[in-house]
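Notes follow once the structure below has been shown.
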Amino acid sequence: MKGRVGRMWGTRQRIGLCLAAVLAWCGLASAQHWTPITMPFPGSAGTAMLRTDGMVMVEDNNTGFWWGLVPDSTGSYQNGVWVLLPLPPVGYDPLYFASAVLPDSRIIIEGGEYNSGVKDDTKLGAIFSDSSGFTSVSAPSGWSKIGDAPSVVLPNGKFMMGDCCSASEAILNASTLTWTSTGTGKADANSEEGWTLLPNGDVLTVDTQNGTNSELYNYKTGKWTSAGNLPKFLGNSCGMGIVPEMGPAVLRPNGTVFQAGANGGTAVYNLSTKKWTAGPSFPKGYGVADGPAAILPDGNVLVMASNISPCFKPPSKFYEFNGSTLTAAPNPPNASVDSSYYGRMLVLPLGGHVLFTDGSSDVEVYIPKGSAKSSWLPTITSFPPLVTRGKSYVVKGTQFNGLSGGAAYGDDAQSATNFPLVRLTNVVTGSVYYALTKNFSTGVATGATAVQTAFVAPSSMDTGLTMLEVVANGLSSAIATINVN
């Protein structure tokens, strides 16, 4: 466990852009930069989840409230508005928890290192749907804790979660909200470990309590096996005798996984060779002892690092990993007062922009400069030429789940976006709508495999000639033209 006293976010005053930052970054359309959500968050913005209807739901830390960011009529999240969502079950107000978007469009929230400001590794949980709000979910049988747990949606569409403080894992039956044990052969406890879904369906993790070992979970057998040793240990106990912290791991389109270390080092796992190699080190004194990272459209990884001597202290700095080097990226306004563990990232469906929260009212968006290869995009092979508002349809194609999970953090937060959205743009009015998607194919980097998703045409959308796109991890397919009546 972390053993950090007072490691909880409070509301902080929004810090404005200084003139120097404005001069350096604003107006440079070709350079990556940050831009704020125009309407400040109503509280302390924490973990963000992308719903399958395009809304972003964000937890208000230490209040129990969740808010939805609704993009404007042009699809802009920067100019979107915040709306209060239905309240979670009474007594469930977690901080640092497991979460995922399920194939039926619901969002599950499980456990929490803190609950209502108290460190208790709660085993409470809830599932959210737009129609019924939050419903309580019981913990797996025999579990006394869930806490800040790792989780992932497997290629068979099932949600798997680990106990924060043991080697136990369980799989959720989403229909009955009951659990089944899985995960035999785990070499160490799940504490402080993150999970990365791979194209073959395996789940990769780097051990925090077993030297340089890494492990793979096979969802067909339910067993863990070794994935080999890293060149060096990347954990960091931060001088407090706690279970070592670990940074985020992100799958890249070239078939490698970038693992950021909590002690300043990094490593790269190659899916073809099944070998680890050393990656570049962060500048001296910096690392990711808990912190976020996200895939960018060009395959680079945006990562937030901060002071590791001592741990958990500001300032923070941002970098892009391009496969061989770490290059300094522009910092958001609060970087000088943020530690990396404050941060959360979420890949948005528009241009692969990255939403960033840090426990303040200032929510920022990172605008990358690179672009994706055409072979990385979703493709549409079958679609309905005519749709009626409020009705459900199916669109088919390839790569609807993207080439990466999207964003990563590890045990404290999961905001994967490897699922399809359907964006609809009216040709005459230019109004943008996101259709609720559900019953979609799951996995990541599915290549030429035929996949599909159901979508419900919004009842409020404009009629007439409309452009339909499938979006995964911010990458959009070519446009299919339909008629809406």
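The table that follows gives values for the structure above.
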read-out: Counted charge near ALA48, where neighbours are those whose Cβ lies closer than 10 Å (Asp, Glu -1; Lys, Arg +1); value: 0
read-out: Gained length - SER336 relative to ASP104, 0.36 nm times residue gap less alpha-carbon distance; value: 79.5 nm
read-out: Cβ-derived FRET efficiency at R0 25 Å, SER371 paired with SER73, nearest 0.05; value: 0.50
read-out: Given (i) 23.5; (ii) 20.3; (iii) 27.9, the label whose value is mean projected area of the Cα convex hull in nm² derived from this model; value: (ii)
read-out: 32 Å Cα-Cα threshold exceeded, pairs from LYS223/LYS369; LYS123/LYS438; LYS186/LYS396; LYS123/LYS232; value: LYS223/LYS369; LYS186/LYS396; LYS123/LYS232
read-out: Cross-link reach list, aspartates and glutamates versus LYS119, counting only Cα pairs under 14 Å and skipping chain neighbours closer than eight places; value: ASP93, ASP148, ASP412
read-out: Segment ALA278-LYS396, length gained on full extension (0.36 nm per residue, minus Cα span); value: 38.5 nm
read-out: Using θ = phi - 60° and Karplus 6.51 cos²θ - 1.76 cosθ + 1.60, couplings along the stretch 44-60 (whole Hz; Gly, Pro as x); value: 10, 6, x, 4, 10, 10, 8, 6, 6, 9, x, 6, 9, 9, 10, 6, 8
read-out: Extension gain (nm, one decimal) between VAL81 and SER166, 0.36 nm per residue minus Cα-Cα; value: 26.5 nm
read-out: Backbone HN-Hα couplings from phi across the stretch 114-123 [Karplus 6.51/-1.76/1.60, Hz, Gly and Pro as x]; value: 10, 9, 6, x, 10, 6, 9, 6, 4, 9
read-out: From phi via Karplus (6.51, -1.76, 1.60), per-residue ³J(HN,Hα) for the stretch 75-81 in Hz, x at Gly/Pro; value: x, 6, 7, 4, 9, x, 10
read-out: Cut-off under 5 Å, modelled amide H: who pairs with ASN307 long-range; value: LYS313, SER340
read-out: Other-chain or far-sequence residues with amide H under 5 Å of PHE65's (modelled H); value: ASP60
read-out: Anisotropy class of the stretch 225-333 from Cα gyration tensor, a/c 1.5 cut; value: oblate
read-out: For the stretch 291-337, radius of gyration divided by Kirkwood radius, i.e. Rg to Rh on alpha-carbons; value: 1.00
read-out: Approximate spin-label separation SER132-ILE479, in nm, with each point projected 7 Å along Cα-to-Cβ; value: 3.9 nm
read-out: Scattering curve values for the stretch 374-484, log₁₀ I(q)/I(0), Debye with Cα scatterers, q = 0.11, 0.21, 0.24 Å⁻¹; value: -0.34, -1.06, -1.28
read-out: Relative contact order for the chain, counting Cα pairs under 8 Å that sit 6 or more residues apart, in percent; value: 15 percent
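Only the coordinates and a few stated rules stand behind these numbers; no lab work does. A quick note: this is a predicted structure, and the numbers were derived from the prediction, not measured. Ideal geometry is used to build each Cβ from the backbone, glycine not excepted, and the neighbour counts take in all protein chains shown.
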